[in-house]
Amino acid sequence: MVTCYSCHTKNFINNDLAPYELVACKRCGGPIMAPHRLRHIELRAPIASGGMGTVYRAYDLTLQRDVAVKLMKEEMLSEPDAMESFIREARAAAQLNHTNIIHIYSFDELDGSNYLVMELADAGCLDSRIEKEEVVPELDVLDVGVKVASALDTALKHNLLHRDIKPGNILYNHEGEPKLVDFGLAKAADEEEEESDDIWGTPYYIAPEKVNREREDFLSDMYSLAGTLYHALTGHVPFEAEEINDVVAAHVHTPLTPPNQVNPAITQTTSDAIERAMAKNPDDRFASYDEMIMALTEARSRLLVSLYQSQDAAYEEEGGGKKGWWRR
């Protein structure tokens with residue numbers, strides 16, 4: 001008997017299923033699997049799958065707590081770069097202790113299977129919120145911006161750049177707390193640049209200096225975070241084109257359309273903060289994450305005041321009399 005985590009229906013499944021083999025839930029059609037043990041960790045259901053591995057909801061039988069397990073795909077085991085990236089992710093995130101960075105508990109190998117055991121954050125991601133809601137509420141986006149900027153600042157203090165900030169790498173736990181994940185492209189902030197034809201990062205959020213193969217630093221991550229917030233606020237990536245190469249080129253050559261011109265509901269303070277963090281010239285961005293956090297916090301405070309004042313005005317119109325929001 002296996003419970004579907006999508007609809008919570010109990011399903012009878014065959015005992016002869018291969019490890020990790022998925023079958024459809026009889027009610028919702030969602031993927032379910034027979035529990036599979038990796039030492040004291042029991043894998044119970046798939047959460048997501050990417051190019052390098054699959055993430056499973058799991059249970060630590062020793063500590064009796066829910067966890068997530070990222071299992072490297074078998075076909076990647078023979079790829080040296082893939083293995084290096086997998087190990088880099090484990091080591092990079094394991095040295096960071098921040099509420100908004102996913103916690104890595106262990107890295108292990110069993111019978112040729114390499115896997116990470118980490119904190120469970122299975123309440124969706126910012127990418128899925130954008131897809132579902134199209135435009136994420138400004139207050140929520142500012143909250144994500146402040147918290148992820150703080151997480152990146154902690155990484156920087158440990159001499160780490162994330163290098164792949166995007167909506168899909170910001171997960172939520174069941175308390176609604178955003179969690180930064182996937183340090184597979186992370187590198188030391190003071191590491192010398194290598195000559196390469198490859199550009200690492202996601203085209204829709206990549207900083208201009210990376211496109212130009214100039215030195216990247218924390219300001220490149222800042223740009224990508226701002227591009228991620230832009231997408232959540234407007235429902236559009238910062239630059240759109242039919243060809244990916246044109247999208248990449250636009251980060252260098254095309255002026256950014258201010259967020260509040262795409263979505264007039266966005267406050268000017270928020271729009272200005274996003275624009276500055278996405279300046280083409282890194283020197284024109286915020287000089288530190290602290291500065292960015294202060295700007296986003298100011299925008300959030302002004303937005304809250306505006307929202308409370310609007311509620312007061314509506315209250316008065318309904319005949320409730322004068323009652324300042326600060327007295328509630």
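Data overview
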{"quantity": "Whole-angstrom gap from segment 132-162 to segment 8-70, using each part's C-alpha centre", "calculated": "30"}
{"quantity": "Estimated dipole of the chain in Debye, rounded to 20 [Cβ of Lys and Arg +1, of Asp and Glu -1, Cα centre]", "calculated": "1620"}
{"quantity": "Given charges at beta-carbon only (K, R positive; D, E negative), |dipole| of segment 35-118 in Debye", "calculated": "360"}
{"quantity": "Free-standing Cys, the chain [no other Cys Cβ under 4.7 Å]", "calculated": "CYS125"}
{"quantity": "Relative contact order (percent, whole number), the chain, Cα cutoff 8 Å, 6+ residue spacing", "calculated": "12"}
{"quantity": "Which listed pairs, of LYS70/LYS132; LYS147/LYS280; LYS70/LYS157; LYS157/LYS210; LYS132/LYS187, have C-alpha distances above 29 Å, in listed order", "calculated": "LYS132/LYS187"}
{"quantity": "Long-range HN-HN contacts of ALA48 with modeled amide H, under 5 Å", "calculated": "VAL55"}
{"quantity": "Value of [θ]222 nm, deg cm²/dmol, for the chain, DSSP H segments ≥ 4, -39500 (n - 2.57) each, nearest 500", "calculated": "-11500 deg cm²/dmol"}
{"quantity": "Leading residue at positive end of dipole, the chain (Cβ point charges), from PRO255, CYS7, ALA186", "calculated": "CYS7"}
{"quantity": "D (Stokes-Einstein, µm²/s), Kirkwood Cα radius, segment 35-118, 1.567 mPa s at 4 °C", "calculated": "99"}
{"quantity": "Per-residue HN-Hα couplings for segment 209-222 [Karplus 6.51, -1.76, 1.60; θ = phi - 60°; Hz; x = Gly/Pro]", "calculated": "5, 6, 4, 7, 6, 8, 5, 9, 9, 4, 5, 6, 5, 4"}
{"quantity": "Check: segment 30-183 dipole with +1 on Lys, Arg Cβ and -1 on Asp, Glu Cβ, in debye", "calculated": "320"}
{"quantity": "Karplus 3J(HN,Hα) series, Hz, for segment 171-180 with 6.51 cos²θ - 1.76 cosθ + 1.60 (x for Gly, Pro)", "calculated": "9, 10, 8, 6, 8, x, 7, x, 10, 7"}
{"quantity": "Cα convex hull volume per residue for segment 126-310 (Å³)", "calculated": "118"}
{"quantity": "Gyration tensor (Cα) of the chain, equivalent ellipsoid semi-axes in angstrom", "calculated": "36, 28, 18"}
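Here, each number is a calculation from the coordinates, and none is a lab measurement. Note that this is a predicted model, so its numbers are computed, not measured. Here the Cβ is made from the backbone with ideal geometry for all residues, glycine too, and neighbour counts use every protein chain on show.
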